[in-house]
Amino acid sequence: MIGDYNENLRGMSNEFNLLIHILKIDNENFMYNSQKEIYGDINWDKFLNLATHHRVFSIIYLKLKGNNYIPQFVIQRLQEKYKENTFQMLKLTKEMGDIAKNFQEDSIPLLFLKGPIIALELYGDISLRTSRDLDVLIPKEKVREAENILIKLGYERSEPLTPLWKIRKHHLTYIHPKKMSVVEVHWSLHPQSINEPKFYELWKRRREKNIANSPINYLGKEDLFLYLVAHGARHGWFRLRWLLDIAQFIDEKVNKENIHLVFNKKLYKHLGGNKTYLGQALFLCSFLFNLKIKDNDLAFFTEKNNARKLAYKTLKYLNRTSQFDFNNKRIEVKNYHKMYIFSLQSKLQKLLFILKLFLPNPNDAKFVKFPKYFNFLYVPLRPIIWLCRRRKI
């Protein structure tokens, strides 16, 4: 099996392999200037595209900015991306503080799942991680109150609501038309999750930092670690940044005993109903970044429940500049991704997934609009609307 991984990595582009080479965690003694040969036969535009797609350009820039073998235009482009991201993260930091303050004033408990707070936690510097939006978690019964606060702040919900929307979905998206800021309000950590920790369990284990003159609450270490593991697995780890996050945790921050304890309590059945997601992530970090898992207390998970087999499946994503663009076969790859996601799920999750196909979703409401008092019709008419959407009638 290891030979299959190595063969697959050898089939990756020179640009991707160079990206991996630079990103390796154990690289304090790596002398870039003494290995000129690794920069030969590189398409630098493709390299830049990969660095951008994988959201690792800030780290790459800081490692390469003094390198004499890199074309100057590459350093300049990386520097531009680095500065743009720093401004974006500063903007999100202010927005995070404003949102936290308003939710606190209305006595709505709020946990930040990602964003600048995670950049500070993992890297100690908001400029070293990218964030497009802010993801927050609130109690399920507080969704409407949360929406009212965001509307007061100038946000607009990006999608219409259909019957049973809290069952069909696990978050709603809000966009500020002037600031172009995006907030995702979650009432569940993951779609189709089973027996995940309740909000107030997570709240008890929360941590707090004072940022932008506001107390920012976010997940405890082990909760955050397992959330990022499941999030990355669900997306096929198609961005290296997500794997770097996991590597940062493993390197020094996560308590291995607590991870075992969490699994023993069976609070994370959304992790594929077993320990597969974690084993997949650990194996990928070990394989790509030379992260030492063998002697680590978490090595146990890499041998569990086809973790390596799932890791092999994700390699199809990594060398691409788009999540769904393998050799320009967009539909084929979308189907591959759907099959991959389905393969991660437990039997009960698969059953729930199939049942949810019969529930209306926002695309149905966009395709045909019923008056508010007739929204119930989306349920019985779901098969017909779905068929019409597919045929674009």
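The values are calculated or read from the model by the stated rules, or taken from the named source; none is laboratory data. Please read these numbers as outputs of a predicted model, since none were measured by experiment. With ideal geometry, Cβ positions are generated from the backbone for all residues, glycine too; neighbour counts draw on all protein chains shown. Heavy atoms of the whole protein, side chains included, go into the accessibility calculation; ligands, DNA and RNA do not. Shrake-Rupley method; radii C 1.70, N 1.55, O 1.52, S 1.80 Å.
A few comments on the model shown:
- Counting only protein heavy atoms and a probe of 1.4 Å, the accessible surface of the range 174-225 is 49% carbon and sulfur.
- Mean projected area (nm²) of the alpha-carbon convex hull when the range 184-233 is viewed from all directions: 4.2
- Estimated FRET transfer efficiency when R0 is 41 angstrom, pair PHE87-ILE354 (beta carbons, to 0.05): 0.40
- Full-extension gain in nm, GLU159 to HIS176, via 0.36 nm per residue minus C-alpha separation: 4.8 nm
- For the peptides 85-91, 385-391, 228-234, 278-284, residues were scored by their other Cβ atoms within 10 Å and the scores averaged per peptide; the highest-first order is 278-284, 228-234, 85-91, 385-391.
- Cα centroid of the range 33-85 to Cα centroid of the range 200-251, whole Å: 27
- The order of LEU359, LEU298, LEU351 by accessible area, most exposed first and with a 1.4 Å probe, is LEU351, LEU359, LEU298.
- Computed over the range 94-149, the convex hull of the alpha-carbon atoms projects to a mean area of 4.0 nm².
- Here r is the Cβ-Cβ distance between ASN363 and ASN148 and R0 is 22 Å; the resulting FRET efficiency, rounded to 0.05, is 0.30.
- Across all Cα atoms of the range 112-232, the radius of gyration (one decimal) and Dmax (whole number) stand at 14.6, 43 Å.
- Ranked by how many other beta carbons lie within 10 Å on average, peptides 38-48, 13-23 from highest: 13-23, 38-48
- Zero-based 5 Å bins, Cα pair distances in the range 22-151, whole percents: 2, 9, 17, 18, 14, 11, 9, 7, 6, 4, 3, 1
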